[in-house]
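Written below as structure tokens is the structure these notes are about.
The values are calculated or read from the model by the stated rules, or taken from the named source; none is laboratory data. These figures come from a predicted structure and were not determined experimentally. Quick reminder, even Gly has a Cβ in these numbers, built from the backbone with ideal geometry, and neighbours come from all protein chains shown. Please note that ligands, DNA and RNA were not included when accessible areas were found on the heavy atoms of the full protein model with its side chains. Shrake-Rupley method; radii C 1.70, N 1.55, O 1.52, S 1.80 Å.
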Amino acid sequence: MRRGRGRGAHGQADSLNGFREQKTEPPVPHGLLKSARKSGTLNLSARGLHEVPQSVYRLNVDPPEEAPSGVSFGDSDGWWEQTDLTKLLLSSNLLIELSEELSLLPALTTLDLHDNKLQSLPRAVGTLQELRQLRLSHNQLSMLPLELFSLPLLCSLTLQHNLLETLPPELGQLLGLTELDVSSNHLKELPAALGDLRALTTLNMQHNQLSALPDSLGRLANLRMLECSNNQLSDLPSSLVQLTSLEQLFVRQNRLGALPALPAQSLKELYLADNQITALPADQLCSLALLSCLELRGNKITALPEEALPSTLIRLDLSNNDIRSLPPSLGLLPSLFVLLLEGNPLRGIRRDLLTKGTMELLKYLRGRVKEEPGDASERSAGLTLPSHAAVNMHNITTLKLLDYSNKQAATVPDEIFEAVAGRPITAVNLGKNQLSSAPSRLLDFASSLCDVDLGFNRLPSCGPEICGLLKLQHLDLRNNLLCDLPSELQNLTRLRSIILSVNRFKSFPPVLYELVSLETVLLGNNQVDSVDPSRLQKMVVLSTLDLSNNDLLHVPPELGLCSSLRCLSLEGNPFRTPRAAIVVKGTDAVLEYLRSRIPTG
């Protein structure tokens, strides 16, 4: 009996056994193969496959089943018209290996094998000379065939969550590679040939066992994002300063004892949380002319240097350090919207002040800035205006700030604008009033105004007074009555951050999709019920998106493709997935989950 079943060629038992094998290894539906011959795409993801059926490898070799024995080219079905397979999606199966017959699919441009049980790859992968995207993440690969590194057109190679301990020097032959992800492996070193990948824009090597990075890294002149968190790095190569395109650098949870050498003219976001940094050299900080996000939480920093932080900073995280005092000059940073200080032994600052948020703390620090000679006399020299409106000339001359906030005023007196006529005002704070429209005289400062705070008013709309401020970089409209934004807002091509929290928006304002300069969008506590991920992906510098406490019933998986996002807030929405347990893990976990849910067809 056992031998008969093993032969599987004769007898009823053998025949039934054949059917049982088909149930265990489901064949590819005929309709799917037929469709693939016409479209060039075959999606076999999540089908429980233990091996790739031979009919897939031979898709463009064997005649289709629908081909008649007597050839007739008048057949309306056009069975003879077929397209070479260019996209083969085999993710989320149970594949252990692939056949060398992979060479029968030479036209493939995309091969998706992520989330399987692959322990090796066939040498035939090197015959796929048209391949541009190879997804191999979440497998059990401990080595790669050298033939893989002879693919001349390969742009994207994702190898995260495997068992790789080394990468061969042949890696440097992939001269067209723009994205390389080797995160969550067992790598202890990287080959010097990594520096030959001159086209790389994204390099992810986090969660390995790296104690050093090769000096050749400095040759990656097109690199925009470098992620090397969760390793054992005590320093970074000095050649890093040569990365003139680098915008985002992640070195969280390593062993850095000092601020590394950095590419000063390009870096926008620097993440150094959970290291052992004790000091911040003033000259290094001053040179980071474009830096908008600086994350230093969980280090051993004891002090901040005076007037050293770049004026472009929007977010500064200093929580869980050893800082005992803050320099008053911190309050002069014109763009700073988020300042995190929890877990520091601060003295001289009341605990309740720390709980009131960034704006109140910065206002307090500004009040401690030493006045320049003549400021006090200038303020007392009769600039008390009608309606009890006093202009703080210290703010005007030193901070270039016009502050008429917290007056509960329905209008801003013209005398306020007259008093500062001709001054190069860069910031205006009109928050916490009762304004129902923005003052038209804001346009007096159109040539210099970068920062406007109209939060906590009663604005039902955003009018031309705002849309005409073409140099505006930061706009705060929180706690108003807004339900839409005008299309003219797209004229603000320099706008980097906009705060729209606690308004009446029921959808993501369409004009924001057009503002590709935006780095921060805060839309929490509204009634937003949907976002368009395909349009969000075009906001290529968007790093912070707050959609908390809205009416999102569905989070589109494609949101996970917004690769620039570093802070995504979704809590307080009624969606069921991702589950709360994933949301609380933070942005990286949410985005990875969303990407795993993207249909690959």
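Pairs LYS34/LYS538; LYS268/LYS506; LYS268/LYS471: which are spaced more than 29 Å apart, C-alpha to C-alpha?
Numbers: LYS34/LYS538 35 Å; LYS268/LYS506 32 Å; LYS268/LYS471 19 Å.
Going by Cα-Cα distance, LYS34/LYS538; LYS268/LYS506 fall outside the 29 Å limit.
Over the chain, accessible surface divided per residue gives 45 Å², non-protein components excluded, 1.4 Å probe.
Farthest towards the positive end of the charge dipole of the chain, among the residues ASN549, PRO328, LEU568, is the Cα of ASN549, using unit charges on the Cβ of Lys, Arg, Asp and Glu. I'd like the distance between the alpha-carbon centres of the range 532-601 and the range 117-173, rounded to an integer number of Å. Each part reduced to its Cα centre gives a spacing of 29 Å.
Gain on full extension, evaluated as 0.36 nm per residue between SER35 and LYS538 minus their Cα-Cα distance, stands at 178.0 nm. Residues in the range 44-53 carry Karplus couplings, in order, of 10, 5, 6, 10, x, 6, 8, 8, 7, x Hz; the curve used is 6.51 cos²θ - 1.76 cosθ + 1.60 with θ = phi - 60°, and Gly or Pro positions show x.
Scaling the Cα radius of gyration of the chain by the globular reference 2.2 N^0.38 Å produces a ratio of 1.19.
State whether the range 235-341 is rounded, prolate or oblate according to the following rule on the C-alpha gyration tensor (a ≥ b ≥ c being the square roots of its eigenvalues): a/c under 1.5 gives rounded; otherwise a/b larger than b/c gives prolate, and the remaining case gives oblate.
Values: a/c = 1.67, a/b = 1.17, b/c = 1.43.
Judged from the Cα gyration tensor, the range 235-341 comes out oblate (a/c at least 1.5, b/c at or above a/b).
Restricting the calculation to Cα atoms, the range 468-594 yields a radius of gyration followed by a Dmax of 13.9, 44 Å.
Subtracting the Cα-Cα distance from 0.36 nm times the residue separation, let me have the gained length for VAL584 to ALA289 in nm, one decimal.
Numbers: separation 295, 0.36 × 295 = 106.20 nm, distance 3.32 nm.
In short, 102.9 nm is gained.
Rounded, prolate or oblate, given the Cα gyration tensor of the range 169-301, with a/c below 1.5 counting as rounded?
Numbers: a/c = 2.02, a/b = 1.36, b/c = 1.49.
Note, shape of the range 169-301 comes out oblate.
Candidate cross-link partners of LYS38 among the lysines, defined by an alpha-carbon separation under 22 Å and a same-chain spacing of 8 or more, comprise LYS87.
Angle between the Cα long axis of helix 358-367 and the longest principal axis of the chain, 0 to 90 degrees, nearest 10? Its long axis makes an angle of about 30 degrees. Helix 30-39 and the longest principal axis of the Cα set of the chain meet at an angle near 60°.
Annotation for SER447 and ALA410: the two label points, set 7 Å from Cα along the Cα-Cβ direction, are 3.5 nm apart. Counting only lysines at least 8 places from LYS356 when in the same chain, those with an alpha carbon closer than 23 Å to its own are LYS407, LYS432. Placing a label point 7 Å from the Cα of THR493 along the Cα-to-Cβ line, the residues of the range 431-449 whose backbone N sits under 20 Å from it are 446-449.
What's the carbon and sulfur percent of the range 491-580's accessible surface, probe 1.4 angstrom, rounded to a whole number? Before the final figure, lay out each step's value.
Numbers: 1790 of 3700 Å².
Solvent-exposed carbon and sulfur of the range 491-580 make up 49 percent of the total.
Between the Cα long axis of helix 12-24 and the first principal axis of the chain there is an angle of about 10°, rounded to the nearest 10. How would the range 472-516 be classified by its alpha-carbon gyration tensor: rounded, prolate or oblate, with rounded meaning a/c under 1.5 and the a/b versus b/c comparison settling the rest? Because a/c hits 1.5 or more and a/b fails to exceed b/c, the range 472-516 counts as oblate. Once both labels are positioned 7 Å from their Cα atoms along Cα-to-Cβ, the gap between LEU354 and SER311 label points is 3.0 nm.
Looking at the chain alone, DSSP beta bridges between its own residues are antiparallel in about 5 percent of cases. Computed from point charges on the beta carbon alone (+1 for Lys and Arg, -1 for Asp and Glu), the dipole magnitude for the range 475-577 about its Cα centre is near 120 Debye. Annotation: amide H-H contacts under 5 Å for SER45 (H modelled 1.01 Å from N, sequence separation of 5 or more, or interchain): SER91. Highest mean first, the peptides 43-55, 549-561 sorted by other C-beta atoms within 10 Å per residue fall in the order 549-561, 43-55.
Rounded to the nearest Hz, the phi-derived 3J(HN,Hα) couplings of the range 159-165 under the Karplus curve 6.51 cos²θ - 1.76 cosθ + 1.60 (θ = phi - 60°) are 10, 5, 6, 10, 10, 5, 9, where x marks glycine and proline.
Just the number, please: carbon plus sulfur as a percent of the accessible area of the range 82-221, 1.4 Å probe, no ligands or DNA/RNA counted. It would help to have the intermediate numbers written out before the result.
Working: 2760 of 5430 Å².
Whole-percent figure for carbon plus sulfur exposure: 51.
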